[in-house]
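The values are calculated or read from the model by the stated rules, or taken from the named source; none is laboratory data. Predicted model, so just to flag it, every value in this text is computed and none were measured. Here the Cβ positions follow ideal geometry from the backbone for every residue, glycine too, while neighbour counts run over all protein chains shown.
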Amino acid sequence: MKNEELVMEMGLGRVSRIRSWAKTSSFILLLLGSLMVISCEAPGPPIPRKHGYPRIQIPQVTEYEQFDNEICPFTFDYPAEGNITRNADDSCWVDIHFPSHSLKWHITYRHIPSSQIPLEGHLEEHRKLIYKHGKKATQIKTHELITPSAKGVWYEVYGNVGTPAYYFMADHDQEHLFMMSFYFNTALKNDSLAPVISFMKEEVMKMAQSLEWEEDE
């Protein structure tokens, strides 16, 4: 009889422990569920997104126009998306602005005999200017540039610089000196502008190949 009572007491104790564990588990689950609801309904302060670089679009097909000024002894082709913003009647200094890329082509001209400075003097003067302004450059590469109508020097300037490229070209008689560069009107770093720089280098090379001198009348 005592054994049966002992077994019953053990069984009742086990049931009691199970019921207690079940209540505790239910309470914990209810607490966790409440915390999840609170966390969903009361989000913390928003985390701002990092600013990315603006999207750069390079045209797949480029149309061209010809620059032709009555007082300038040269013509050349340039992308039609460019806007001529300086083209004075008394000067052959020309600016072509590309608003979609926030950059500008800058073109200057010298009549070598009138300057009373030999071609080599002009080239050395501009070489010093490039290296002076290229103090932030990580590298400057120099290439010989030869086209059907001219011969000159092409500079590629690498690093976070405002003007990534220059070139200087003279006709075969060394009477005319044509100088060209392009520079950005933006504070973005050049690693983010690499697609535009590459595209513009190709375009200025096409422009150099299209350069022709007007025949003296």
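Quick notes on this one:
- Qualifying residue in region 102-123 (condition: of a type in the set (Asp, Glu) and either more than 14 Å from residue 178 (Cα to Cα) or in contact with a strand residue (DSSP E or B) (Cβ under 7 Å, 6 or more places away or on another chain) (or both)): no
- Across region 72-114, the qualifying residues are those that are in contact with a Pro (Cβ under 9 Å, 6 or more places away or on another chain) and of a type in the set (A, V, I, L, M), and the one among them that is surrounded by the most Cβ atoms within 10 Å (Cβ to Cβ) is 96.
- Scanning region 122-135 for residues that are surrounded by 12 or more Cβ atoms within 10 Å (Cβ to Cβ) and not acidic (Asp, Glu) yields 122, 123, 126, 127, 130, 131, 133, 134.
- Taken over region 67-107, the criterion of being touching a residue at least 40 places away in the same chain (Cβ under 8 Å) and among the small types (Gly, Ala, Ser) is satisfied by 100, 102.
- Residue match in region 184-191 (condition: assigned by TED's automatic domain parsing to the domain that holds residue 82, part of a strand (DSSP E or B), modelled with pLDDT under 95 and under 27 Å from the mean Cα position of the chain (by Cα)): yes
- Residues in region 154-174 that are over 22 Å from residue 199 (Cβ atoms) and free of Cβ contacts under 8 Å to residues at least 40 places away in the same chain: 172, 173.
- Residue in region 125-136 that is in contact (Cβ under 8 Å) with a residue 40 or more places away in the chain and assigned to a strand (DSSP E or B) present: no
- Test result for residue 44, modelled with pLDDT under 50 and over 22 Å from the mean Cα position of the chain (by Cα): yes
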